[in-house]
Structure formats: structure tokens, C-alpha cells
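Nothing in this text is a laboratory measurement; each read-out follows from the coordinates by a stated rule. Treat the numbers as computed from the prediction; the structure is a model and nothing was measured. Neighbour counts are summed over all protein chains in view; Cβ atoms, including those assigned to glycine, are modelled from backbone coordinates with ideal geometry.
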Amino acid sequence: MTIQSKYQILPDVNIVFIERIGKFDPGTMLSTFKEILGDPEFATGMNFLVDSRQVDYGKANFVTLSGQKKAWSLTHKNMGSCKVAFLQQDATNYGISRQATSLFFSDVVERQPFLNKSEALEWLGLPADTKLPDLF
């Protein structure tokens, strides 16, 4: 199955929750973020939690991701000052996410991978037991 992404904007907690499943495809995350930025419910500066625990990254690596650097730089400017937490299922995917965090460094957007949902929520300034919707 190719990657599928669904999102819900939760203005009461200032977060956009994104859930992704399937086989990794470079560029789909960027497309999802661009869609969100055009959503009338989105407000500049909202934080993001991206649940990628059901994504198969296959052979994705720094080289696979590097072609998107310029596009992410432009997207970050439209996001405003915010945090993006990437929730991963294991150490391998966490490592890939760390590479992306390094590659797509921004003065405006803080990106950080996590293996633990509670830690990700707390980093975003939310209680560890914050309830999130099931999108799939």
C-alpha cells in the first residue's frame, strides 16, 4: 500500500494531528503539509504531531530526502514559528527521522522525532495524556 495521510486540526490544543500509514514515498509529507497550510482551520504557528508509527520507510535515507530541502525551507516559512513532533515506531525509523530533522533545519520550525507519544505531547506543551482522534 502506498502512503496515506489523514489529518485533523485541533484548535483547542493548538495542534495539527497527522496520521500516516503505508510505504514511504518521498514528497507525500510535503504535499500533506501544503494541503494543511491551505486549510481555512489552520492558523500560522500551530504545532504538529505526525504519527508515522505505521510507515514502512524501506530504504529511505539522507540522500532520498535531500532533494526536498528547498521545498521544505519555503514551507517552513509559511508555517510560522512552531514545533513538529514525529512519532516513530522503532530505532531505525527514529534514525531516519533524525536525519530529516538535521537536513531540514529551520530557524522558524523546530523538528524532533520521538519513540514515545507522551514525551512528544509534553514537548509540544500538552499534557502527556492528551487524547487524539483515530484517523484510520
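Under 8 Å for C-alpha pairs, at least 6 residues apart: give me the relative contact order for segment 4-123, rounded to a whole percent.
Details: 197 pairs, mean separation 29.0, N = 120.
Answer for segment 4-123 is 24 percent.
If amide H atoms are built 1.01 Å from N in the plane of the peptide, which residues on other chains or at least 5 residues away come under 5 Å of the amide H of Lys23?
Thr2, Ile3, Asp56
Can you give the percent of C-alpha pairs in segment 1-80 whose distance is more than 18 Å?
Numbers: 1396 of 3160 pairs.
Tail fraction, whole percent: 44.
Restricting to DSSP H runs of at least four residues, report the calculated mean residue ellipticity at 222 nm for the chain, -39500 (n - 2.57) per run over all residues, nearest 500 deg cm²/dmol. It would help to have the intermediate numbers written out before the result.
Numbers: 5 runs with 46 residues, N = 136.
Computed ellipticity for the chain at 222 nm equals -9500 deg cm²/dmol.
Give me the percent of DSSP beta bridges within the chain that run antiparallel, rounded to the nearest 5.
Details: 7 of 26 bridges.
Rounded to the nearest five, the antiparallel share is 25 percent.
Rounded, prolate or oblate: which fits segment 62-136 when a ≥ b ≥ c are the square roots of the eigenvalues of the alpha-carbon gyration tensor, with rounded for a/c under 1.5 and prolate only if a/b beats b/c?
Working: a/c = 2.10, a/b = 1.38, b/c = 1.52.
It is oblate, given that a/c is not under 1.5 and a/b is not larger than b/c.
Would you mind computing, in nm to one decimal, how far apart the modelled labels at Ser81 and Ser118 are, each placed 7 Å from Cα along Cα→Cβ?
3.0
Give me the compactness ratio for the chain, meaning the Cα radius of gyration over 2.2 N^0.38 Å.
Numbers: Rg = 13.7 Å, N = 136, 2.2 N^0.38 = 14.2 Å.
In units of the 2.2 N^0.38 Å rule of thumb, it is 0.96.
What is the Cα centroid distance between segment 72-136 and segment 9-57, reported in whole angstrom?
If you average the Cα positions of each part, the centres end up 10 Å apart.
For the chain, build the charge dipole from Cβ charges (+1 Lys, Arg; -1 Asp, Glu) around the Cα centre, then report which of Gln112, Asn14, Phe24 sits farthest towards its positive end.
Looking along the dipole axis, the top candidate is Phe24.
Find, among the trypsin sites (Lys or Arg not before Pro) in segment 7-102, those assigned to loop by DSSP (not H, G, I, E, B) with at most 15 other beta-carbon atoms within 10 angstrom. Walk me through the numbers on the way to the answer.
Values: sites: Arg20, Lys23, Lys34, Arg53, Lys59, Lys69, Lys70, Lys77, Lys83, Arg98; in loops: Lys59.
Of the trypsin sites (Lys or Arg not before Pro), the ones in loops of segment 7-102 whose Cβ has at most 15 other Cβ atoms within 10 Å are Lys59.
Do any GluC sites (Glu not before Pro) in segment 1-88 lie in a loop, going by DSSP, with at most 13 other beta-carbon atoms within 10 Å of their beta carbon, and if so which? Please report the intermediate quantities before stating the final value.
On the way: sites: Glu19, Glu35, Glu41; in loops: Glu41.
Loop-located and lightly packed - Glu41.
Charges only on Cβ, +1 for Lys and Arg, -1 for Asp and Glu: so what's the dipole of segment 4-123 about the Cα centre, in debye to the nearest 20?
Working: 13 positive and 13 negative charges, 93 e Å.
So the dipole magnitude of segment 4-123 works out to roughly 440 debye.
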